[in-house]
Amino acid sequence: MLSVVIVNYHSMPWLTKLFASVAQLYASENIEWIVVNNASGPNDKQELLDQFSFIQWLEMGYNAGFARACNKGIEATKGDAVLLLNPDTYFTDNSLVTCYNYLKDSDAVACGVQLYTPEGIPQYSASHFMRGGLNYLLKIPIWGSILKKLAAGVNVSKPSLDKAVGTQQVGWISGAFLMAKKDAINKAGMLDTSFFLYGEEVEWCYRLGKIGTLELYGNLGVVHLEGVNISNASGSAVNDYNYLYDKKGLQLMVSNHLLVRKVFGISWCLFHYLNYMWGALICLIANPMNQKKNAVRFMGNCLRLTTWIPAILFNVKKLYKVL
């Protein structure tokens, strides 16, 4: 049996759309659907259960973030495989069941499918690891673009997959759709509860990858409204994961440094932090006057990041929550 774990944080419009597609396509399938609630409106639970009685609803009691809520859901699962699924997704075909059958018949420990926008445009769904997590530096305004050009000049391969072809082995899979065998989870452990949001699935895949291979199935797909749920909840003006000028951007920066520290070590984490500070200085100097506002915001986030860096470097066990 497949168990699906979905974390809810004021996601009612997207959950309704997701479960409408589930009811249409998978009503007769032996699938366990678990919603773990971080936060919701007063009537959301009853309204959802009235429409979709097959849902199990678990309460966290507080906004625990993605990793802790996923762990609570995983602990409640009965299936031999677990799917972590974003609430801002929905299905248009039988990809979910086909993916589960592929994984059961494979030696891989985890898998994913190709993510698409509602217009059918592929989203990056998985990636390979790059030494030291250097690809995370490309998000830095201006300085990241310079590093990207330098990398292209020496023919450094792009780690992320824009569009999967067939079955491809990957380093990590997007947490929007990440399926793992239960026995692999038992060996690798649960998600790291230091993460509040962002990066947790990458670190988890790193540990899963020590047990076996991870696969992305390019012939299977799910629609993903990328970032719309968290952007709506956090008040961010931008849905993508490269906007570093607001509070969501600070959470990305903190989580990415935490990820680099846990996967690549203290030296690489310090290297990333110094690049961010250097990048903030370049951003302030190089931006024209009509763009100084964002440069000042980015510098402010880098200074706030500084307050988190000692705990990250010394691997202090706590919840790294900004939002």
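To keep it simple, each residue is scored yes or no on (1) among the aromatic types (Phe, Trp, Tyr); (2) within 16 Å of Arg261 (Cβ to Cβ); (3) part of a loop (DSSP other than H, G, I, E, B).
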residue	(1), (2), (3)
Asn275	no, yes, no
Gly279	no, no, no
Asn290	no, no, no
Arg297	no, no, no
Gly300	no, no, no
Arg304	no, no, no
Trp308	yes, yes, no
Val316	no, yes, yes
* In the set Gly61, Gly79, Gly41, which member is assigned to a loop (DSSP other than H, G, I, E, B) and on the phi > 0 side of the Ramachandran plot? -> Gly61
* In segment 82-114, which residues are assigned to a strand (DSSP E or B) and either of a type in the set (Val, Ile, Thr) or more than 23 Å from Asp162 (Cα to Cα) (or both)? -> Val82, Thr89, Val113
* **Filter result for Ile6 (closer than 16 Å to Leu191 by Cα, outside any strand (DSSP E or B) and either in the same structural domain as Tyr217 (by TED's automatic domain parsing) or at pLDDT 95 or above (or both))** => no
* Does segment 77-126 hold any residues that are surrounded by 14 or more Cβ atoms within 10 Å (Cβ to Cβ) and small (Gly, Ala, Ser), and which are they? -> Gly79, Ala81, Ser95, Ser106, Ala108, Ala110, Gly112, Ser125, Ala126
* Going by the conditions given, is Leu258 crowded, with 22+ Cβ neighbours inside 10 Å and at pLDDT 95 or above? -> yes
* Ser160 vs. criteria touching a Gly at 6+ places or on another chain (Cβ under 7 Å), of a type in the set (Ser, Thr, Tyr) and touching a residue at least 12 places away in the same chain (Cβ under 8 Å) -> no
* **Residue check, Lys45 under 23 Å from the mean Cα position of the chain (by Cα) and either at pLDDT below 95 or farther than 24 Å from Val202 by Cα (or both)** => no
* Structure fact -> Ser28 vs (1) crowded, with 19+ Cβ neighbours inside 10 Å; (2) modelled with pLDDT under 95: all pass except (1)
* Asked: Does Ala27 count as touching a strand residue (DSSP E or B) at 6+ places or on another chain (Cβ under 8 Å) and small (Gly, Ala, Ser)?
  -> no
* Identify, please: which residue in segment 159-176 is assigned to a strand (DSSP E or B) and at pLDDT 95 or above and is, among those, nearest to Gly218 (Cα to Cα)? -> Thr167
* Consider only pairs whose beta carbons are under 9 Å apart and that are at least six residues apart or on different chains; among these, list those whose first residue lies in segment 253-272 and is on the phi > 0 side of the Ramachandran plot and whose second residue is of a type outside the set (D, E, K, R). => Gly265/Gly132
* Restricted to segment 146-169, and to residues that are exposed (fewer than 12 other Cβ atoms within 10 Å of the Cβ) and of a type outside the set (A, V, I, L, M, F, W, C), which residue is nearest to Lys292 (Cα to Cα)? -> Lys149
* Among the numbered conditions (1) modelled with pLDDT of 95 or more; (2) assigned by TED's automatic domain parsing to the domain that holds Phe19, tell me where Asp246 comes up short. => (2)
* Every residue from segment 65-97 that is hydroxyl-bearing (Ser, Thr, Tyr) and within 23 Å of Glu226 (Cα to Cα) -> Thr89, Tyr90, Thr92, Ser95
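The values are calculated or read from the model by the stated rules, or taken from the named source; none is laboratory data. The model shown is predicted, which means the values in this text are computed figures rather than measured ones. Note: ideal-geometry Cβ built from the backbone for every residue, glycine included; neighbour counts use all protein chains shown.
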